[in-house]
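Working notes, structure below.
The values are calculated or read from the model by the stated rules, or taken from the named source; none is laboratory data. None of the values given here were measured: they were computed from a predicted structure. Methodologically, a virtual Cβ is constructed for each residue, glycine included, from the backbone with ideal geometry; neighbour enumeration extends over all protein chains shown.
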């Protein structure tokens, strides 16, 4: 299908299913596609299995700038293989889950041009946070984290340490957004207050920060 649309620049796949015993085929190179979105859910029965992310096995996209992966079953090896093969000038990445991303720093080395990073699954998001204070993602400017997060369960001090390290290295983030469920925003919690205090200090240093529910910003 993509071979028949060589001028396509934006494409979304949703719930694309593959036969489990499909023979291997060589990846198709599409030189114009700049924006790709993949959404889907895994199936419970063979011989069909999902998801849309499996299409990455069959694509090489050297012009890709924006990649959105709204699926749970993407693996680090599959995504790294696609990125290594394509070497795209990726600017933004939205990724729902990194459940199989045992070595996050290895993955981040394949997206050095990313400026906007959107993370949803909490454990994966904080694994990334542990890495962004180092040499990883040198061009990252905007970080968005979504999820039902509560300070008592998350190492926010690691976030502040990573952001401070980037600031000291001359590569500070321009904006940080953390979105959580309002039921987790307990304003009487000392951990909550310490987190807000830390974020307000970063904001005072010039970073645009939103720590919020869908209706309220606490900074």
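The figures follow:
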| item | result |
| --- | --- |
| Matching residues, the stretch 22-62, being surrounded by 15 or more Cβ atoms within 10 Å (Cβ to Cβ), in a loop (DSSP other than H, G, I, E, B), modelled with pLDDT of 80 or more and touching a helix residue (DSSP H, G or I) at 6+ places or on another chain (Cβ under 9 Å) | 27, 30, 33, 61 |
| Residue within the stretch 6-20 that is on the phi > 0 side of the Ramachandran plot and either exposed (fewer than 13 other Cβ atoms within 10 Å of the Cβ) or modelled with pLDDT of 65 or more (or both) present | yes |
